[in-house]
Amino acid sequence: MRGDVYDKDKQTVCPECGSDELIGDYERAEVVCANCGLVIDENLVDMGPEWRAFDHEQRDKRTRVGAPITYTIHDKGLSTMIDWRNKDIYGRDIPARNRAQWYRLRKWQRKIRISGATERNLAFALSELDRDSSRLGLPRSVREAASVVYRSAVDNKLIRGRSIEGVVAASLYAACRRCNVPRTLDEIAEVSRVTKKEVGRTYRFLTRELNIKLPPTSPVDYVPRFASELGLSGEVQSRAIEIIEKAMEKGLTSGRGPTGVAAAALYIASVLLGERKTQRDVADIAGVTEVTIRNRYKELTEQLEMGVTL
């Protein structure tokens with residue numbers, strides 16, 4: 001049956017068989033039990049638009065609403081913006097005699113979007129956050145999470161006496177950990193204009209003051225990114241994750257840097273499966289030294305009795 005999982009506001013279980021697997025079939029405007037097939041509700045109201053679009057151009061022409069709100073823009077994307085193209089609503093070119101007026105309107109519109117020092121601070125910080133995120137190749141969800149952390153810091157007056165760049169970098173690091181897209185302090189410091197020490201200090205301050213609870217980063221979270229950058233197969237990734245999980249069960253990862261453990265596990269997996277990479281290649285990608293990889297490598301192979309030779 002085609003359809004989506006029913007938003008169970010009124011009915012939570014099927015009155016016939018007691019199953020909670022209710023499916024909304026919006027083509028027939030019915031709610032059906034996936035277990036016994038009983039029609040539980042009918043004549044559902046379609047909350048979507050009354051028009052249809054068959055391509056992106058049609059959708060743009062027929063839609064009558066703007067983009068959803070976003071925390072990555074200082075005004076949440078709710079203010080109006082005059083387009084840079086010199087065209088009217090019908091796509092016709094603006095006459096040359098009116099273009100100077102349009103230029104002035106655009107300039108004043110940009111100015112009035114930012115009113116006051118707080119908004120100016122926020123606009124600068126969020127543009128800095130967007131720049132750092134782009135350089136790190138982070139997804140939209142991480143940018144939104146980092147923007148929420150930074151806004152919370154502003155609301156709680158935690159910015160005073162600290163650099164905007166430092167708080168932005170710390171917010172980004174917290175968001176990466178929260179969204180399970182880990183980046184090291186070294187990587188964050190490299191793209192921002194602050195030192196690793198300041199990023200770490202500001203991050204600890206924010207987590208304490210905003211009561212942000214984050215679990216320690218797992219080495220498993222680093223494996224897909226490192227393997228992708230090294231050009232290793234999915235089989236090597238899976239084997240590395242297995243090695244890390246066995247090491248975690250035996251407590252071998254406790255007190256060890258997650259990047260070093262992930263790098264060593266990938267190195268071992270690549271040797272075992274015949275896709276061998278040099279320790280230098282792995283160390284460069286993971287941002288650790290060859291000595292660290294050798295130390296973690298010896299610990300893992302000895303404790304897990306893997307019998308792999310260098």
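The values are calculated or read from the model by the stated rules, or taken from the named source; none is laboratory data. Model, not experiment: these values are computed from the prediction. Don't worry about glycine lacking a Cβ; one is built from the backbone with ideal geometry, like all the others, and counts go over all protein chains shown. Heads up: the accessible areas ignore ligands, DNA and RNA and are worked out on the full protein's heavy atoms, side chains in. Shrake-Rupley method; radii C 1.70, N 1.55, O 1.52, S 1.80 Å.
I'd like to check something: does segment 242-249 contain any residue that is farther than 19 Å from M306 by Cα and assigned by the TED database to the domain that holds A286? Within segment 242-249 (the criterion being farther than 19 Å from M306 by Cα and assigned by the TED database to the domain that holds A286), the answer is no, since none of the residues qualifies. The sole residue among D132, D186, D155 that is out of contact with any strand residue (DSSP E or B) (no Cβ under 7 Å at 6 or more places or on another chain), touching a residue at least 12 places away in the same chain (Cβ under 8 Å), open to solvent by 60 Å² or more (accessible area, probe 1.4 Å) and among the charged types (D, E, K, R) is D186.
Does any residue of segment 259-271 turn out to be surrounded by fewer than 18 Cβ atoms within 10 Å (Cβ to Cβ), out of contact with any Gly (no Cβ under 9 Å at 6 or more places or on another chain) and touching a residue at least 40 places away in the same chain (Cβ under 8 Å)?
no
Examine segment 195-209 for a residue that is touching a Ser or Thr at 6+ places or on another chain (Cβ under 9 Å), among the polar types (S, T, N, Q) and at pLDDT 90 or above, and state whether such a residue exists. Yes, there is a match, as at least one residue in segment 195-209 is touching a Ser or Thr at 6+ places or on another chain (Cβ under 9 Å), among the polar types (S, T, N, Q) and at pLDDT 90 or above.
Spot the failing condition for A53; the list is (1) among the hydrophobic types (A, V, I, L, M, F, W, C); (2) in contact with a Gly (Cβ under 6 Å, 6 or more places away or on another chain); (3) open to solvent by less than 50 Å² (accessible area, probe 1.4 Å), and only one is missed. Exception for A53: condition (2). Within the set G91, G116, G77, the sole residue that is free of Cβ contacts under 8 Å to residues at least 40 places away in the same chain and within 29 Å of the chain's Cα centre (by Cα) turns out to be G77. Taking the criterion of being surrounded by fewer than 14 Cβ atoms within 10 Å (Cβ to Cβ) and either among the aliphatic types (A, V, I, L, M) or in contact with a Gly (Cβ under 7 Å, 6 or more places away or on another chain) (or both), the only residue of segment 213-251 that qualifies is L214.
Given the criteria among the polar types (S, T, N, Q), open to solvent by 40 Å² or more (accessible area, probe 1.4 Å), under 29 Å from the mean Cα position of the chain (by Cα) and at pLDDT 90 or above, does S254 qualify? Criteria not met by S254.
Name every residue in segment 244-264 that is in contact with a Leu (Cβ under 7 Å, 6 or more places away or on another chain) and assigned to a helix (DSSP H, G or I), in order of residue number.
K246, A247, A264
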